[in-house]
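Peer 1: I am attaching a structure below and will ask some questions about it afterwards.
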Amino acid sequence: MSQAYERPFRPVEIIDSTVTSFSLLSMAEQLMTEDVIDHAGRNSLSLVHGNDLTVVLIVLKAQAVLHEHTAPGPITVTALSGHLEFSTATESKPLRTGDAAVCAAHLPHSVKALEDSAFLLVIGGRCE
């Protein structure tokens, strides 16, 4: 497999002239092969970072969990592969390839992989 990215990987900074693209599935496959996933059950790569937008590619091995936490802005979780469970205190949503969940800023949530999975996390908007 050719390398989809090289470490250290620096996220794209958003400026007026920023235009770029990513091979998300190739990057996710590569993340699944890095040593850290064997120990932590997860791996991630920050793709974009700016004042109003953060984009992170995350992979989870089957049964790995991102335990309950909050985000500083509203989020969107989009499943790229596998099968995830996105949960808040009041509900749980299954996410399969192509499905997305949206969550308000500061709302506690968790993500569990029911099988090896990749998803795109987008944190956007300003919160006061």
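Peer 1: If I filter segment 92-107 for residues that are touching a helix residue (DSSP H, G or I) at 6+ places or on another chain (Cβ under 6 Å) and at pLDDT 95 or above, do I get at least one hit?
Peer 2: Checked segment 92-107: no residue is touching a helix residue (DSSP H, G or I) at 6+ places or on another chain (Cβ under 6 Å) and at pLDDT 95 or above.
Peer 1: Looking at ILE58, ILE15, ILE37 in this structure, which one is loosely packed, with under 14 Cβ neighbours inside 10 Å and out of contact with any His (no Cβ under 9 Å at 6 or more places or on another chain)? Let's see the steps before the verdict.
Peer 2: Details: ILE58 fails: loosely packed, with under 14 Cβ neighbours inside 10 Å; ILE37 fails: loosely packed, with under 14 Cβ neighbours inside 10 Å.
Of ILE58, ILE15, ILE37, the one residue that is loosely packed, with under 14 Cβ neighbours inside 10 Å and out of contact with any His (no Cβ under 9 Å at 6 or more places or on another chain) is ILE15.
Peer 1: Please specify each residue of segment 27-49 satisfying the condition of being of a type in the set (D, E, K, R) and not in a helix (DSSP H, G or I).
Peer 2: GLU34, ASP35, ARG42
Peer 1: Which of the residues spanning segment 62-89 are at pLDDT below 95 and either among the charged types (D, E, K, R) or farther than 18 Å from VAL122 by Cβ (or both)?
Peer 2: ALA89
Peer 1: Could you list, in sequence order, the residues of segment 64-104 that are polar (S, T, N, Q) and within 22 Å of SER26 (Cα to Cα)?
Peer 2: THR76, THR78, SER81, THR97
Peer 1: Could you name every one of the strands (runs of 3 or more DSSP E) located completely within segment 60-123 that has at least 1 residues being touching a residue at least 12 places away in the same chain (Cβ under 8 Å) and among the polar types (S, T, N, Q)?
Peer 2: The strands (runs of 3 or more DSSP E) meeting that bar are 75-81, 83-88, 109-113.
Peer 1: Let me ask another. Filter segment 62-83 down to the residues that are out of contact with any Lys or Arg (no Cβ under 7 Å at 6 or more places or on another chain) and closer than 22 Å to PHE22 by Cα and list them by number.
Peer 2: Answer for segment 62-83, where residues must be out of contact with any Lys or Arg (no Cβ under 7 Å at 6 or more places or on another chain) and closer than 22 Å to PHE22 by Cα: ILE75, THR76, VAL77, THR78, LEU80, SER81, GLY82.
Peer 1: Any chance segment 50-59 includes a residue that's part of a helix (DSSP H, G or I), out of contact with any Phe, Trp or Tyr (no Cβ under 7 Å at 6 or more places or on another chain) and on the phi < 0 side of the Ramachandran plot? Spell out how you get there, then give the answer.
Peer 2: Filtering segment 50-59 for residues part of a helix (DSSP H, G or I) gives none.
Scanning segment 50-59 turns up no residue that is part of a helix (DSSP H, G or I), out of contact with any Phe, Trp or Tyr (no Cβ under 7 Å at 6 or more places or on another chain) and on the phi < 0 side of the Ramachandran plot.
The values are calculated or read from the model by the stated rules, or taken from the named source; none is laboratory data. Note that this is a predicted model, so its numbers are computed, not measured. Cβ: placed from backbone, ideal geometry, glycine included. Neighbour counts: every protein chain shown.
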